[in-house]
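> Before we start, here is the structure in question, set down as structure tokens.
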Amino acid sequence: MLLVIPDVFSPEQVAACVADLDAATWGDGRITAGLQSAPVKDNEQLSETSPVARKWGDVVLDALGASDLFVAAALPLRTFPPLFNRYAGGQSFGTHIDNAIRPIRGTSVKLRTDLSATLFLNDPDSYDGGELIVEDASGGQVIKLPAGSMVLYPASSLHRVEPVTRGVRLASFFWVQSMVRDDGARALLFDLDRTIQRLAGRDGIGDAEVVSLTGIYHNLVRRWADS
Ligand code: NI
């Protein structure tokens, strides 16, 4: 399932974040690349320990924690501290797959990457190229979002970032380990959850069928979730 989460950052947060990123010290993006992806990766990143990355990474996590849409879609168990990257001057990231397991620096925790996320930070009209292409059964999904909006997609997908031929593309990216490993099961739970929300809006949260379906939702989570 590929899902856009709009307005994770307000316009004011986008402006303040971009100002901090513009003033930060950037390094070669290959620092977090795997063996397969390193040769096709050409961008810049902030170090995982960069104070700017940690400050704005925490803002991303706070915003997502308050997003019913993110929580319902991802059913997050743990989230990788968000990283930040920058593409300009023709830089790109060729087709690759993200590593399945990521150690979280400074901890003994290892995260299984079930979902990948990219939060776009620049006005799409301010740069050419830079589309995120996510391959799926129907071909390639082309994603270039307004500043402050985020896409969530299965980390099992091959994906790439097209060359940025004008301007600068800044983004935050990270991974989520979901309580529900299987993408199809998670998509069913999300559909059921959204449908219950609509029914509750129409018939009231105490409606007998709404209560029954809510019970079914939670019993499916019990069946499928790891924590
Ligand atoms: Ni990737």
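The values are calculated or read from the model by the stated rules, or taken from the named source; none is laboratory data. If you're wondering where the values come from, they're calculated on a predicted model, not measured in any experiment. A quick note on method: Cβ atoms are made from the backbone with ideal geometry, for glycine too, and the neighbour counts reach across all protein chains shown.
> Given segment 147-227, what strands (runs of 3 or more DSSP E) lie entirely inside it while holding 2 or more residues that are over 23 Å from the mean Cα position of the chain (by Cα) and either modelled with pLDDT under 95 or farther than 14 Å from THR113 by Cα (or both)?
Numbers: elements: 150-154, 159-161, 164-166, 168-178.
Because the criterion is at least 2 residues that are over 23 Å from the mean Cα position of the chain (by Cα) and either modelled with pLDDT under 95 or farther than 14 Å from THR113 by Cα (or both), the strands (runs of 3 or more DSSP E) in segment 147-227 that meet it are 164-166.
Table: residues versus (1) touching a residue at least 60 places away in the same chain (Cβ under 8 Å); (2) not small (Gly, Ala, Ser).
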{"site": "VAL4", "(1), (2)": "yes, yes"}
{"site": "CYS17", "(1), (2)": "yes, yes"}
{"site": "SER37", "(1), (2)": "yes, no"}
{"site": "SER47", "(1), (2)": "no, no"}
{"site": "ALA74", "(1), (2)": "yes, no"}
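> Testing ASP128 on (1) in contact with a strand residue (DSSP E or B) (Cβ under 7 Å, 6 or more places away or on another chain); (2) within 16 Å of the ligand (Cβ to nearest atom), one condition comes back false. Which one is that?
(2)
> When residues of segment 103-113 are filtered for being surrounded by 13 or more Cβ atoms within 10 Å (Cβ to Cβ), more than 14 Å from the ligand (Cβ to nearest atom) and not in a strand (DSSP E or B), how many remain?
Just the residues of segment 103-113 that are surrounded by 13 or more Cβ atoms within 10 Å (Cβ to Cβ), to begin with: 104, 111-113.
When the remaining residues are screened for being more than 14 Å from the ligand (Cβ to nearest atom), the result is 104, 111-112.
So of that shortlist, the ones also not in a strand (DSSP E or B) come out as 104.
Number of matching residues: 1.
> Does ALA155 count as assigned by TED's automatic domain parsing to the domain that holds ASP123, surrounded by 21 or more Cβ atoms within 10 Å (Cβ to Cβ), touching a residue at least 24 places away in the same chain (Cβ under 8 Å) and over 27 Å from ALA16 (Cβ atoms)? Lay out the reasoning, then the answer.
Working: assigned by TED's automatic domain parsing to the domain that holds ASP123: yes; surrounded by 21 or more Cβ atoms within 10 Å (Cβ to Cβ): yes; touching a residue at least 24 places away in the same chain (Cβ under 8 Å): yes; over 27 Å from ALA16 (Cβ atoms): yes.
Here the answer is yes, as ALA155 does meet what is asked.
> May I ask you to list the residues in segment 88-102 that are within 28 Å of GLY167 (Cβ to Cβ), in a loop (DSSP other than H, G, I, E, B) and of a type in the set (S, T, N, Q)? Show your work before the answer.
Going through segment 88-102, the residues within 28 Å of GLY167 (Cβ to Cβ) turn out to be 88-98.
Okay, now just the ones that are also in a loop (DSSP other than H, G, I, E, B), so 89-91, 97-98.
GLN91 - this is the single residue of segment 88-102 that is within 28 Å of GLY167 (Cβ to Cβ), in a loop (DSSP other than H, G, I, E, B) and of a type in the set (S, T, N, Q).
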